[in-house]
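As structure tokens, the structure follows; a few thoughts come after it.
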Amino acid sequence: MEAFYTLQGEGVFMGHAAYFIRLGGCDVGCFWCDVKESWDKEAHPKQSISQIVKEASSFPARLVVITGGEPLMHDLEELTTALKKEGFSVHIETSGAHPLSGTLDWITLSPKRFKKPLPAIYEKAHELKMVVYTLSDLEWAQKEAKKVSDSCKLLIQPEWSKSSKNLPILIEFVKENPRWQVSLQTHKFMDIP
């Protein structure tokens with residue numbers, strides 16, 4: 001769908017320079033999604049892997065984030081292999097609703113109730129990012145956290161439109177559950193893509 005050089009705005013690598021590759025196509029359909037135009041994978045022109053890697057390589061950072069939509073609707077083997085050959089650390093942000101593919105250095109799993117992750121992804125996730133829209137999401141987050149490895153980072157993030165209401169509650173949640181940390185969408189505060 002699009003690719004751009006910016007800062008990672010959320011999660012463990014927040015603040016790091018990164019090249020984002022947003023793939024078209026999503027069958028999860030979060031109603032709060034801020035890139036609904038990514039859902040229809042046929043709506044975006046195809047681009048060759050060599051073009052994508054060449055553009056990514058024109059920037060100094062060697063961190064790539066593959067996102068969507070739902071990036072695992074695509075087989076990522078050829079793309080990630082080409083990126084790794086150019087020295088990139090390859091991260092993915094996924095709902096986990098499709099099988100993993102490609103060579104990935106960091107997997108951010110952000111499960112959605114609407115289309116649950118495949119069981120095999122939990123043990124491979126490096127970061128579990130739970131978006132909190134309603135307070136019942138906190139209970140669900142704790143259930144999801146039991147499915148990941150002990151080394152997986154646990155992040156709780158207020159859905160953007162509910163931030164002012166839910167952030168104080170998330171702060172108290174983290175104080176009571178110190179394995180978790182709050183993740184904010186800092187790119188929105190900085191007004192960058």
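A few comments on the model shown:
- Residue in the range 169-188 that is closer than 18 Å to Val35 by Cβ, outside any loop (DSSP other than H, G, I, E, B) and in contact with a helix residue (DSSP H, G or I) (Cβ under 8 Å, 6 or more places away or on another chain) present: yes
- His74 vs. criteria buried (at least 16 other Cβ atoms within 10 Å of the Cβ), over 30 Å from Pro168 (Cβ atoms) and either of a type in the set (A, V, I, L, M) or out of contact with any helix residue (DSSP H, G or I) (no Cβ under 7 Å at 6 or more places or on another chain) (or both): yes
- Glu86 farther than 27 Å from Ala120 by Cα and at pLDDT 90 or above: yes
- Subset tally (residues that are of a type in the set (A, V, I, L, M) and more than 16 Å from the chain's Cα centre (by Cα)) for the range 119-140: 3
- Glu139, sole failed condition from (1) within 29 Å of Leu83 (Cα to Cα); (2) in a helix (DSSP H, G or I): (1)
- Residue within the range 107-121 that is surrounded by fewer than 15 Cβ atoms within 10 Å (Cβ to Cβ) and touching a Leu at 6+ places or on another chain (Cβ under 7 Å) present: no
- So Ala125, is it assigned to a loop (DSSP other than H, G, I, E, B) and buried (at least 21 other Cβ atoms within 10 Å of the Cβ): yes
- Of all the criteria given as (1) in contact (Cβ under 8 Å) with a residue 40 or more places away in the chain; (2) of a type in the set (S, T, N, Q); (3) surrounded by fewer than 15 Cβ atoms within 10 Å (Cβ to Cβ), the one not satisfied by Ser48 is (1).
- Residues of the range 7-21 satisfying the condition of being surrounded by fewer than 16 Cβ atoms within 10 Å (Cβ to Cβ) and touching a residue at least 60 places away in the same chain (Cβ under 8 Å): Met14, Gly15
The values are calculated or read from the model by the stated rules, or taken from the named source; none is laboratory data. Bear in mind that the values here come from a model prediction, so they are computed numbers and not experimental data. Cβ: placed from backbone, ideal geometry, glycine included. Neighbour counts: every protein chain shown.
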